[in-house]
Amino acid sequence: MALLLFGRNAQDGKSHGNVVTFGTAISACEKGGQWQSAVQFLVDMAVCDVDSNTVTHSAAISACEKSAQWTWALRLFAEMARNRIERNAVTFGGVVSACTTGRVWELASTLVKELLLEGGLESNTIVFSAALTSCLQARKWAVALSLAGEMTARRVRPDPETSSTVACACRHGDQGSLAATLLDTVSRDSLLWLQTVAS
């Protein structure tokens, strides 16, 4: 109820909210699966002359991702670039995951390449994992293997889920040597788990 009242006041320009209160409202929308309200709060911030930031936009993107609204996630992502709002690994992770939900693997892999160019993916397993999953769902083994190779080159340590995804891509893409390289980068427990999955 308080969130609804805050939103109405913001739309009427009566809210005295700041970036923290708007951020809290958007995060609540994200947790509650209210992507439209999250997007509306970003609009309301502009009405109230409150500048959005990385945190508020990332939360709204995450709300869109969780509601399978990948086109809106991409719109907000592009808006960040237009408004010169810093995009970090969390932002990229949200939009790449949204692309995975929308089964648009081309966009997911393109976004990873864009983040690599910006230098923000040095140790982010989540973003790689989301892009790999998207490629795997689309049966794009070569693209998945290319991303896996990039992970290895950048010394990004795969978690068990990512390792499983890569093992599947290696199996279908006939790339046993890449699988072996990646196996060397995971912990003993993960290695045992992955060998079980890959067999």
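The helices (runs of 4 or more DSSP H) found wholly in the stretch 92-193 and carrying at least 3 residues that are modelled with pLDDT under 75 and not small (Gly, Ala, Ser) occupy 160-173, 176-185.
Only residues that are under 11 Å from His57 (Cβ atoms) and modelled with pLDDT under 95 were counted across the stretch 23-40, and they come to 1.
Against the condition touching a residue at least 12 places away in the same chain (Cβ under 8 Å) and under 15 Å from the mean Cα position of the chain (by Cα), how does Phe77 come out, does it pass? Judged against the criteria, Phe77 is a match.
Yes or no, residue by residue, for (1) buried (at least 19 other Cβ atoms within 10 Å of the Cβ); (2) out of contact with any helix residue (DSSP H, G or I) (no Cβ under 6 Å at 6 or more places or on another chain); (3) closer than 18 Å to Val39 by Cα; (4) not assigned by TED's automatic domain parsing to the domain that holds Gln40:
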residue	(1), (2), (3), (4)
Trp70	yes, no, yes, no
Leu74	yes, yes, yes, no
Glu79	no, yes, yes, no
Thr100	yes, no, no, yes
Glu106	no, yes, no, yes
Ser109	yes, no, no, yes
Ala130	yes, no, no, yes
Arg154	no, yes, no, yes
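The values are calculated or read from the model by the stated rules, or taken from the named source; none is laboratory data. No experiment lies behind these values; they were computed from the predicted model shown. Note that we place each Cβ from the backbone using ideal geometry, even for glycine, and neighbour counts take in every protein chain shown.
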